[in-house]
Amino acid sequence: MAEITEKPREIGHALTVSVGGTSEDNWELRFPQSAKIFAKMGREDSQVTSVLNAVSLPIKRASWRLDPNGSDPDVVRHVSEDLRLPVLGEDQDKPAARRRGRVAWHEHLHSALLALQFGHMFFEQVYAPGTDGREHLVKLAPRRPGSLKRINVAADGGLESIEQSAVTTPGGVSAPASRIPVSRLVAYVHDPKDASWTGSSVLRPAYKHWRLRDRFLMLEADVLDRNGMGVPVYEGSELAQDPQKDLAYGQELAQKVRAGAAAGAAVPAKAKLSLVGVSGQLVSPREAIAYHDSMMARAVLAHFLNLEGKGGSYALAETQSDLFIQSLQTIAEWIADTATQHIVEDLVDVAFPDYDGLCPRIVFDPIASKKELAAEALATLVRDKVIQPDRDLEEEIRRRYSLPGKRPRQEAEADGSITAPEDKAKHAEPAELAQLVDAAKSLMELGMSKDQALIATGLDKLMESTPGEPPGEEVVSDG
């Protein structure tokens, strides 16, 4: 085997020509002018807005966390505080530090998901020294597609930099042209087809349907405007001395006819003005509009957006949504992997230059895994000991079902609202006493001592006031 004496180098390249097989053949949709088209689609069209919300809202709603991944606790804390992400396994209700001067992950996620609409989304990393002497990530500044004029790519397909155009706002605020190197960038590029770093918009397959549907909508408006009340037709009078002048008057009259509460017209004797409808069958563009709407939803596997509540639609929607949720899970994993590599690892390298260990990872709960529990389902989980009720759970249940807050026990016992445990044990029937004994045994299995379990169930008072061994004492034993 030959000895390698120098660093391996690539022989080929990853670049493609502008007229290559994988290049965009619609010049209107080529970068950078594509940003204007995709922005217009998302801004003006209700179906496109539904599609974009369908692919982004479930990802935003998922719970995002920072997995320590075996890294140093100081590193985990530093990254968690800078990104405002809770650490996996820690108490989610603990007080959070102030957000000022730090990145808000959910705001960043909202902007990062614009890569689905435009195909790409870039962010500039901004660091600043903190009071602890370490560098902190204070901003992930969006560099939106509409501000870019060029994306520079190396021969091996790696990103080199992006360039922004100079701009002056109507308010007089101006910014010069800028070039941002890759070392300062976080790049989200969705489904790239080549090495251009422009990615593919989820709206690209829907573009032609959007164009055609837009034309059909305007056609439908023309059809309704033209044929909604019929076409005014004037028939000249037999008594007219100048027929041509009479027809000219009639044509002007017909063209000015409009519907309204005070609409009307006067015609000469023997003349006639009528509203004539279309003879034969009128072709409506509504079916074509509905077809192109459904095709736009299919572009992101959101078939269930096309269901209209007909027989079997709800069962079919649940079946079709499974594949759609899997696609969202894939998109969220792509976001998490990109952020881990280009945000978390970069932050660790900048803040801990001598650290060479493992890095935390950004993770999230499975998409659509948040379920609302009904009271019956929660009772079943408690009964089957899947979860143990505690104060936090009780407070959450009272809040969710608008129940009054829990009163202090001494106050409730004083006015007779509840019975003290010891009184309940003293006056319990044999069957109730057996239940108290079982409850004490369960508390001991959960880690309570015998005395603590007896006090909690009120059996301690019963043992003090009853000579000998109370019923069930053989059950409530340390053994």
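The values are calculated or read from the model by the stated rules, or taken from the named source; none is laboratory data. Keep in mind that what you see is a predicted model, and the values were worked out from it rather than measured. A quick note on method: Cβ atoms are made from the backbone with ideal geometry, for glycine too, and the neighbour counts reach across all protein chains shown.
When the stretch 392-406 is filtered for residues that are in contact (Cβ under 8 Å) with a residue 12 or more places away in the chain and surrounded by 11 or more Cβ atoms within 10 Å (Cβ to Cβ), the ones remaining, listed by number, are Glu394, Ile397, Lys406. Residue count for the stretch 26-68, restricted to those that are crowded, with 16+ Cβ neighbours inside 10 Å, under 30 Å from Cys359 (Cβ atoms) and of a type in the set (A, V, I, L, M, F, W, C): 5.
At least 1 residues being closer than 30 Å to Ser294 by Cβ, under 19 Å from the mean Cα position of the chain (by Cα) and of a type in the set (Ser, Thr, Tyr) is the threshold, and among the helices (runs of 4 or more DSSP H) wholly inside the stretch 30-97 those reaching it are 46-61. Against the test of being modelled with pLDDT under 75, surrounded by fewer than 11 Cβ atoms within 10 Å (Cβ to Cβ) and more than 30 Å from Gly89 (Cα to Cα), the options Glu429, Glu422, Glu413 yield a single qualifying residue, Glu429.
The numbered conditions (1) farther than 30 Å from Leu15 by Cα; (2) part of a helix (DSSP H, G or I); (3) hydroxyl-bearing (Ser, Thr, Tyr) are all true for Ser111 except (1). Consider the stretch 335-370 and keep the residues that are without any contact (Cβ under 8 Å) to a residue 40 or more places away in the chain and more than 30 Å from Asp322 (Cβ to Cβ). The one that is nearest to the chain's Cα centre (by Cα) is Glu345. Taking the stretch 337-405 as the region of interest, the helices (runs of 4 or more DSSP H) fully inside it that hold 3 or more residues being out of contact with any helix residue (DSSP H, G or I) (no Cβ under 8 Å at 6 or more places or on another chain) and within 14 Å of Val75 (Cα to Cα) are 345-351. Being modelled with pLDDT of 95 or more and loosely packed, with under 13 Cβ neighbours inside 10 Å: is that true of Asp356 here? In short, no. Inspection of the stretch 144-164 finds no residue satisfying the criterion of being among the hydroxyl-bearing types (Ser, Thr, Tyr), under 30 Å from Asp354 (Cβ atoms), crowded, with 16+ Cβ neighbours inside 10 Å and in contact with a His (Cβ under 9 Å, 6 or more places away or on another chain). Set side by side, the residues Arg84, Arg144 differ, and just one is over 23 Å from Phe31 (Cβ atoms) and among the basic types (Lys, Arg), which is Arg84. Here Glu124 passes the criteria (1) charged (D, E, K, R); (2) touching a Lys or Arg at 6+ places or on another chain (Cβ under 7 Å); (3) part of a helix (DSSP H, G or I) except the one numbered (3).
Among the residues of the stretch 76-88, just one is in contact with a Pro (Cβ under 8 Å, 6 or more places away or on another chain) and either surrounded by fewer than 18 Cβ atoms within 10 Å (Cβ to Cβ) or farther than 16 Å from Val103 by Cα (or both), namely Leu88. Among the criteria (1) at positive phi; (2) surrounded by fewer than 18 Cβ atoms within 10 Å (Cβ to Cβ); (3) not polar (S, T, N, Q), the one Trp197 does not fulfil is (2). Looking at the stretch 218-229, can you tell me whether even one residue there is at pLDDT below 80 and acidic (Asp, Glu)? Yes: one or more hits. Residues that are surrounded by fewer than 17 Cβ atoms within 10 Å (Cβ to Cβ) and among the polar types (S, T, N, Q) within the stretch 330-345 comprise Thr330, Gln341, listed in sequence order.
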